[in-house]
Each structure stands twice: as C-alpha cells, then as structure tokens.
Amino acid sequence: MSTPMRILVVDDDHFYQEFCTEILGEEGYEVSVTHSAERALEMMAENTYEIMIADLVMPGLGGLDLMERARQINPQMDVIIMTGFASVDSAVHALKSGAADYLPKPVNPEELKITVKRTIELRHLFDENAELKNLLTLYETCQRVSLCLDLDRLYGLSLDAVLQALGGELGLELFREDGEWSIRAVRGMEEPEAGAAMKDLLADELREVPTRALTLESPSVSRPGAAAGLGVHSGLIMPIRVPQQLEGAIVIFRRRPAQAFDRMDLGTARFIAEQIHLSFENALKYVDSQRLVFIDDLTGLFNTRYMEISLQTEMKRARRFKSKLSVLFIDLDHFKNINDIHGHLVGSRMLVETGKVLKNCVREIDVVIRYGGDEFLVLLIETDRAAAEKVAERIRASIQNHEFRSGDDQVLHVTCCVGIATFPDDADTRAQLINLADKAMYRGKETTRNVVYAAADLP
C-alpha cells in the first residue's frame with residue numbers, strides 16, 4: 001500500500017481549514033492545517049509535504065512570501081494559492097512567482113479535487129521521467145557555460161558544470177602555460193590537497209593529456225604512497241585543448257565504491273566536453289577581439305556595454321527557469337575627498353583595488369561591473385533578495401575593513417553604500433531593476449552612509 005500524499009493547508013479562515021480537510025480527506029490524502037504562515041514554516045521544518053495550499057492574504061506573512069520561504073525548506077514542494085481577492089493580475093502574479101496553480105474563493109469542491117489531482121499528475125510525470133529531468137538539467141548546465149565569455153569565470157564555471165552534470169564530489173581544473181602546470185579551479189579540497197593531487201596526476205594520468213574523456217578505476221591520488229591520499233575510488237578526466245592557445249584537463253572524483261563512474265557517465269562527459277571546449281574557444285576569441293569594447297580601461301572590470309548584454313541574457317534565463325536575479329549598486333562614500341586630498345592617481349588606485357575587493361566577495365558566476373566614476377554594479381546570478389542582502393553586507397564590511405594605501409604608503413579607509421534590487425520581485429525590466437538598485441543606494445547615502453539598503457524597503 002502506497003503512502004498517501006501529504007498536503008498542508010494554510011488559511012486563517014477556520015471554514016476553509018475544515019473544508020479542505022473534509023474534501024481532500026475523502027480523496028485519501030493526509031491533510032494537515034494551520035492558521036498562519038509562521039506556524040506552517042515550523043511544520044515544514046518538522047515534516048515533509050508534497051503540496052501546500054495557502055491563502056494569498058493572511059495576517060503576518062502572506063501566501064507568496066510563505067511560498068518563497070517554503071521553497072528554501074523544501075524546493076520540491078508544489079504550492080497552490082487560494083484567495084477571495086481573485087483577479088487576472090493576482091492569478092498571473094501568483095503563477096509567475098512559482099505557484100503550481102491558483103484557486104479563487106469561494107472554492108468549488110470538484111474544482112479543488114481536480115486542481116490537486118492535476119498538480120499531482122504533473123509531479124508524477126516529472127518524477128517518473130528521470131531521464132527527461134537529467135536532460136533538462138544537462139541542457140541548463142551547458143547553456144550556462146556556453147553563455148560565459150569571461151575566461152577567468154569560465155575556469156570555475158566549467159568545473160562546477162561537470163561536477164553537477166556527473167555528480168562528482170571533488171574536482172580540480174589544471175592548465176599548462178609555457179610548460180608550467182597550474183590549478184585554475186578546485187572544489188571539495190583544501191589548497192594543499194589540491195596541490196598534492198596535481199602532483200600525483202602529472203606523474204601518472206596526465207603525463208600526457210588524453211585525447212578524449214576517460215574514467216579512472218584506480219586514481220593515482222588514492223594509491224599507497226600517493227602525495228594526496230584523497231580516499232576516492234573512482235575518477236574521470238576531461239581534456240580541454242584549444243590548439244596553440246590552451247591545454248588542460250578537468251578531473252573529478254567520487255568517494256564511494258558503489259558509485260563508480262560508468263559508460264553512461266562517460267557518454268555524458270563527452271557531450272558536455274564538446275560544449276566546454278566551444279566555450280573556451282569562444283572565450284579566447286572574446287578576449288582577443290572584444291577586450292577594448294567591453295572592459296573598463298582602469299579597473300579591468302566589465303563596463304556598461306557588457307552590463308547591457310549580460311543583464312539581458314541573465315534576465316531571459318531567469319524568466320525561462322523561474323529563478324531570481326539580484327543587482328547590487330555600489331557607491332563609495334566621500335570619494336571626492338580622496339581625489340581632492342591625495343590626488344587622482346591615488347583615487348584611481350583605490351578604484352582598481354575596490355574592483356579586486358568586490359570580485360573576492362562574489363562567486364565566479366557573478367558579474368562585477370564598473371558603472372562609472374566610483375560606482376560599481378554586481379549581477380548576482382540565481383540569487384534572491386535574502387541571499388543578495390548577505391552578499392551586500394559582505395561587500396560593505398570588506399570595503400570598510402580594507403586597507404587602501406596612498407603613494408607614500410599611508411593607510412586609507414573608505415566606506416560604501418549598497419543598493420539591492422531583485423528580479424522579478426522588485427522589477428521586470430533592465431531599466432527598472434538598475435533604477436531601483438540606484439535609488440536604494442542613494443537612500444542609504446541620504447541616511448547614515450556605510451549601509452545596505454534594499455529596493456523593497458524604499459518608502
């Protein structure tokens with residue numbers, strides 16, 4: 001006998017709690033109810049529910065906010081929004097926010113049954129078709145890599161893509177330049193372990209870079225006497241070659257003997273290797289032909305021309321995959337005083353150093369842009385408002401604590417204001433998103449400075 005589907009009903013109206021319990025209980029579902037979103041989050045932390053039916057308007061946390069918080073606890077849970085304030089706009093907004101379906105009140109019993117059944121059938125369709133899900137994941141992973149033209153970002157991004165597509169637990173990316181090997185990206189290992197692993201690989205599997213992807217049944221990094229001693233049981237090497245420009249390899253590992261890389265993994269690896277190879281070719285061409293067009297001369301960061309292209313691309317991807325995208329607008333406080341007191345040369349050095357601080361505060365997939373003067377923009381990929389606030393605070397604190405130095409080696413300090421806007425929560429166009437992040441930043445300047453301010457908190 002199969003386990004009944006578990007449904008959580010969240011509604012401050014006692015009638016609808018009893019209504020849903022009775023109607024859905026008759027259909028064989030296990031129904032739990034609560035009157036508040038806050039209590040619902042507690043219940044989700046204790047139990048797993050396949051479906052949540054939530055009222056759109058409740059005291060405290062509303063239905064859409066609850067849905068967003070609930071997804072952080074259980075990303076696989078489907079959400080049906082129910083409300084007495086029904087309109088086309090509210091229905092569209094709920095569905096665009098990620099709801100599986102929408103029910104206007106008063107709810108018809110048959111309509112409730114059909115909506116829940118339809119949601120379950122769609123859920124089973126995806127659960128049963130694991131191959132389709134894997135292909136969709138692989139497609140999204142390859143697309144993300146293929147869109148990257150920044151060679152520095154591509155190193156880590158390609159390693160992450162291979163680990164995600166193949167379920168690897170540890171990995172490193174090695175490249176040879178002027179006869180010398182170096183590590184460009186590493187995951188799941190500390191720096192000394194990665195260095196030892198590179199030594200083992202270069203002495204054995206990478207004495208000559210293979211011509212195509214291959215599996216390692218007994219990786220050198222785990223053999224007796226190995227420098228690394230990683231304790232892995234299976235590995236996979238993916239070579240990367242761009243003639244006369246680039247030679248290297250991505251190497252990933254699995255720890256458990258029962259999950260050794262097999263022929264199916266090898267087929268996936270060879271497919272994604274082609275996409276990564278093309279991405280490196282494109283990135284190298286981009287470096288050669290577009291550096292002056294999209295790179296800021298002073299800081300080496302991207303400029304506003306690249307921002308327009310990147311922001312458009314990432315917003316399209318966020319729409320397609322129903323993900324979030326956050327923009328940080330950063331402005332240094334009282335920067336004019338630095339130029340006036342210490343000179344423009346010192347000010348320029350500070351801008352260059354600020355760019356380095358910003359890049360150290362974000363992930364490789366994120367995009368750091370010099371917007372103009374002492375203003376910077378950061379695109380945080382697949383990042384909601386809560387996560388963006390954490391990154392913004394890290395940036396604010398890092399700049400405040402960083403020791404900048406003048407030409408006479410005098411230590412200088414500076415602070416900044418950071419404004420946050422998130423797509424699609426705050427805005428659904430490029431211009432609106434940047435404008436709101438800018439307004440949020442200026443709101444911080446009008447208050448205390450050295451502060452993070454979100455567009456959602458604007459009056």
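The values are calculated or read from the model by the stated rules, or taken from the named source; none is laboratory data. The structure presented is a predicted model; accordingly, all values stated were derived computationally and were not measured. With ideal geometry, Cβ positions are generated from the backbone for all residues, glycine too; neighbour counts draw on all protein chains shown. Note: accessible area is taken over every heavy atom of the protein model, side chains too, but ligands, DNA and RNA are not part of it. Shrake-Rupley method; radii C 1.70, N 1.55, O 1.52, S 1.80 Å.
The table for this structure:
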read-out	value
Test: ARG254 is open to solvent by 30 Å² or more (accessible area, probe 1.4 Å) and within 30 Å of ARG223 (Cβ to Cβ)	no
Identity of the residue in the stretch 258-296, part of a helix (DSSP H, G or I) and aromatic (Phe, Trp, Tyr), that ends up least open to solvent (accessible area, probe 1.4 Å)	PHE280
Residue count, the stretch 309-361 (criterion: at positive phi and within 27 Å of the chain's Cα centre (by Cα))	1
Subset of the stretch 54-84 (residues that are in contact with a Phe, Trp or Tyr (Cβ under 9 Å, 6 or more places away or on another chain) and in contact (Cβ under 8 Å) with a residue 60 or more places away in the chain)	MET82
Residue list for the stretch 10-26, filter: charged (D, E, K, R) and surrounded by 15 or more Cβ atoms within 10 Å (Cβ to Cβ)	ASP11, ASP12
Failed condition for GLY63, given (1) at pLDDT 90 or above; (2) open to solvent by less than 10 Å² (accessible area, probe 1.4 Å)	(1)
Hits in the stretch 388-434 - residues which are part of a helix (DSSP H, G or I), open to solvent by 70 Å² or more (accessible area, probe 1.4 Å) and over 19 Å from VAL357 (Cα atoms)	ARG430, ALA431, GLN432
Single condition LEU345 does not satisfy, out of (1) open to solvent by 70 Å² or more (accessible area, probe 1.4 Å); (2) among the hydrophobic types (A, V, I, L, M, F, W, C); (3) free of Cβ contacts under 8 Å to residues at least 12 places away in the same chain	(3)
Meets criteria (under 24 Å from the mean Cα position of the chain (by Cα), open to solvent by 40 Å² or more (accessible area, probe 1.4 Å) and farther than 19 Å from ALA437 by Cα) for GLU364	yes
Candidate set: the stretch 318-361, residues that are out of contact with any Leu (no Cβ under 9 Å at 6 or more places or on another chain), charged (D, E, K, R) and assigned to a helix (DSSP H, G or I); chosen: the one nearest to GLY407 (Cα to Cα)	ARG349
Checklist (1) surrounded by 15 or more Cβ atoms within 10 Å (Cβ to Cβ); (2) in a helix (DSSP H, G or I); (3) not basic (Lys, Arg) applied to GLU308, failing item	(1)
Failed criterion for GLY444 (all others in (1) farther than 27 Å from ALA318 by Cα; (2) in contact (Cβ under 8 Å) with a residue 60 or more places away in the chain hold)	(2)
Subset of the stretch 443-459 (residues that are part of a helix (DSSP H, G or I) and either over 15 Å from VAL414 (Cβ atoms) or touching a Ser or Thr at 6+ places or on another chain (Cβ under 9 Å) (or both))	ARG443, GLU446, ALA455, ALA456, ASP457
